[in-house]
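The values are calculated or read from the model by the stated rules, or taken from the named source; none is laboratory data. Owing to the predicted nature of the structure, the values given are computational and were not obtained by experimental measurement. All Cβ positions, even for glycine, are placed from backbone atoms using ideal geometry, and neighbour counts span all protein chains on display. What goes into the accessible areas is simple: the full protein's heavy atoms, side chains included, and nothing from ligands, DNA or RNA. Shrake-Rupley method; radii C 1.70, N 1.55, O 1.52, S 1.80 Å.
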Amino acid sequence: MTMIKKMPKESGIDHTLALLKEGYPFLFNRRQEVDSTIFKTRILGQQAIALSGKEAASLFYDNEKFRRSDAAPKRIQKTLFGEGGVQSLDGEAHHHRKAMFMTLMSRDGLNEMYEIIDKELTAANQNWKKENHIVLDKEIQKLLTKAACQWVGVPLPDKEINQRTEQLADMFESAASIGPKHWKGRKSRKNGEEWIISLVRQVRNNEMAVDEDRALYTFSWHRDLDGNLLNEKIVAVELLNLLRPIVAISAYINFLVLALYEHPEERENLKNTDNENRFEWFCQEVRRYYPFFPFAAARVKRDFIWNGFTFKEGTLTLLDLYGTNHDPNEWSEPNQFKPDRFQEWKGSPFDFIPQGGGEFNLGHRCAGEWMTLGVMKRCLSFFVHMDFELPEQDLSYSMTEMPSKPKSKIIMQVH
Ligand code: HEM
Ligand code: MYR
């Protein structure tokens, strides 16, 4: 017979303020306080269960136990995710929509993106050399916007580069904000969706020539399980689910360069190595060590008991991504930056989850994880051999701003 245990609970009325104050380590701090990888908390005015660590992550990705349909808060949908996209689907509808994304992530599809990145980096570097200094975050966001649009098949006239970059960046930079920044994010999502909807209309009315392999074409003509075309707004949400996160890779590129600066010995290793794997280990450690996506959210699908703990249907459940990547039970010296640790990593889908865990096709694991790692590797090769200096500036980064980036946004002199 299963022994029912009382789930440890964080005391207090609501912890949204503590989350805002403590930021990324918030859930992990609570896990330490209550001494449990599963505990109850109250957030955004509702009771929630927090899960942390490898074992709890494998529970979170059990599709029989959790659903996504009503998991993401409205303010996150209005900025980051959009409404009606793949993140909010369950079951067969989710598998079918997810396949639409994963088809793009073939070896050829990914290699094409890396070729675009190499070409854009070489071109941008010529311009950077002419400047007294550049702000790397901004430059990489523009570069990624151009690359994303080419890869997806979206035309991007030069005069629109700054506007579209800002719109796409607003969607992920405003997701965890309150006040004017949040409202700017909503506006950017609305304008961004209108931009893409007008392109989808042109594709459907044969008013625009677009390569049939491009996502703009395949998503515009994608049919759901009933054989119907998707609503044009949903197509826009899904195309933005490609464009926006590709621009978000900029956050990891900032941290790549910061890590090279903070660990000059690692940079020397990379410069002189003939072991390609070192580039991968370095990028993986950047994704593990630095803060980016804090936690994933789901709701309990139906009542169940797990390890003696009762999960009630409808309860909001948060999986601590940042804390799991720093779990001392899985990672030795988790708060040290040590790329070589990835030499030993066994490749579990549940202990290293900066972009979610579990399965790509059947679960909600990030569709763009391979692309993210691949783009980071191309950028790392470029920056390792690039001649640049970082003048005196504030490179510290906040643990409460989400997403986080170095305060100076990385001012760089390129020679
Ligand atoms: C889902 C993070 C880049 C497309 C996710 C999830 C996370 C995440 C945490 C949700 C996992 C879950 O709910 O269990 C990131 C981070 C990125 C990144 C930190 C770095 C920039 C990308 C890229 C793409 C992409 C480059 C596409 C080109 C998606 C899609 C989903 C997703 C479509 C929804 C998957 C689903 O619901 O089945 N990502 N992502 N992401 N990501 Fe990413
Ligand atoms: C993407 O654009 O999908 C990838 C990167 C987004 C990073 C956003 C970080 C803050 C979001 C907090 C949301 C919590 C979700 C339940």
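Listed values, structure above:
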{"read-out": "One residue from Leu80, Leu44 being over 22 Å from Val237 (Cβ atoms), touching a helix residue (DSSP H, G or I) at 6+ places or on another chain (Cβ under 7 Å) and within 11 Å of ligand 2 (Cβ to nearest atom)", "value": "Leu44"}
{"read-out": "Single match in Arg107, Arg31, Arg97, Arg68 (criterion: over 25 Å from Glu313 (Cβ atoms), of a type in the set (D, E, K, R) and modelled with pLDDT of 95 or more)", "value": "Arg107"}
{"read-out": "Close pairs (6 angstrom Cβ cut-off, 6 or more residues apart or separate chains): more than 17 Å from Lys98 (Cβ to Cβ) and of a type in the set (A, V, I, L, M) in the range 219-242, within 16 Å of ligand 2 (Cβ to nearest atom) and open to solvent by 10 Å² or more (accessible area, probe 1.4 Å) anywhere", "value": "Ala236/Glu193"}
{"read-out": "Residue count, the range 306-350 (criterion: within 14 Å of Arg287 (Cβ to Cβ) and among the aliphatic types (A, V, I, L, M))", "value": "1"}
{"read-out": "Out of Gln126, Gln141, Gln163, sole residue that is under 30 Å from Leu260 (Cα atoms) and free of Cβ contacts under 8 Å to residues at least 12 places away in the same chain", "value": "Gln126"}
{"read-out": "The one condition in (1) of a type in the set (Asp, Glu); (2) free of Cβ contacts under 8 Å to residues at least 40 places away in the same chain; (3) open to solvent by less than 40 Å² (accessible area, probe 1.4 Å) that Glu389 fails to fulfil", "value": "(3)"}
{"read-out": "All positions within the range 141-161 that are in a loop (DSSP other than H, G, I, E, B), surrounded by 15 or more Cβ atoms within 10 Å (Cβ to Cβ) and not hydrophobic (A, V, I, L, M, F, W, C)", "value": "Gly153"}
{"read-out": "Residue in the range 392-415 that is farthest from Lys181 (Cα to Cα), counting only those that are in a strand (DSSP E or B) and open to solvent by less than 30 Å² (accessible area, probe 1.4 Å)", "value": "Val414"}
{"read-out": "Residues within the range 365-386 that are hydrophobic (A, V, I, L, M, F, W, C), within 16 Å of ligand 2 (Cβ to nearest atom) and either open to solvent by 20 Å² or more (accessible area, probe 1.4 Å) or not in a helix (DSSP H, G or I) (or both), tallied", "value": "4"}
{"read-out": "Count of residues meeting criterion [within 21 Å of the chain's Cα centre (by Cα) and in a helix (DSSP H, G or I)] in the range 78-111", "value": "22"}
{"read-out": "Pair list, Cβ under 7 Å, 6 or more apart: the range 1-16 residue part of a loop (DSSP other than H, G, I, E, B), other residue at pLDDT below 85 and surrounded by fewer than 15 Cβ atoms within 10 Å (Cβ to Cβ)", "value": "Asp14/Gly45"}
{"read-out": "Tabulated pairs, the range 293-313, first over 17 Å from Asp70 (Cα atoms), second in a strand (DSSP E or B), C-beta under 7 angstrom, 6+ apart or interchain", "value": "Phe293/Pro354; Phe304/Phe311; Phe309/Ile38"}
{"read-out": "When residues of the range 27-53 are limited to those that are without any contact (Cβ under 8 Å) to a residue 24 or more places away in the chain and either hydrophobic (A, V, I, L, M, F, W, C) or farther than 16 Å from Ala296 by Cα (or both), the one least open to solvent (accessible area, probe 1.4 Å)", "value": "Arg30"}
{"read-out": "The listed residue being within 16 Å of ligand 1 (Cβ to nearest atom), open to solvent by less than 40 Å² (accessible area, probe 1.4 Å), among the acidic types (Asp, Glu) and farther than 18 Å from Glu369 by Cα, out of Glu83, Glu92, Glu173", "value": "Glu173"}
{"read-out": "Lone qualifier among Arg189, Arg164 - being open to solvent by less than 30 Å² (accessible area, probe 1.4 Å), within 17 Å of Gln77 (Cβ to Cβ), assigned to a helix (DSSP H, G or I) and not hydrophobic (A, V, I, L, M, F, W, C)", "value": "Arg189"}
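Here is a yes/no grid of residues against (1) of a type in the set (S, T, N, Q); (2) buried (at least 21 other Cβ atoms within 10 Å of the Cβ):
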{"position": "Ile246", "(1), (2)": "no, yes"}
{"position": "Phe255", "(1), (2)": "no, yes"}
{"position": "Asn269", "(1), (2)": "yes, no"}
{"position": "Asp274", "(1), (2)": "no, no"}
{"position": "Arg278", "(1), (2)": "no, no"}
{"position": "Val286", "(1), (2)": "no, yes"}
{"position": "Arg302", "(1), (2)": "no, no"}
{"position": "Thr324", "(1), (2)": "yes, yes"}
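For (1) within 16 Å of ligand 1 (Cβ to nearest atom); (2) closer than 30 Å to Phe26 by Cβ; (3) under 18 Å from the mean Cα position of the chain (by Cα), each residue gets a yes or a no:
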site	(1), (2), (3)
Asn228	no, no, no
Asn231	no, no, no
Leu239	yes, no, yes
Arg244	yes, yes, yes
Tyr252	yes, yes, yes
Ala259	yes, yes, no
Glu266	no, yes, no
Asn269	no, no, no
Gln284	yes, yes, yes
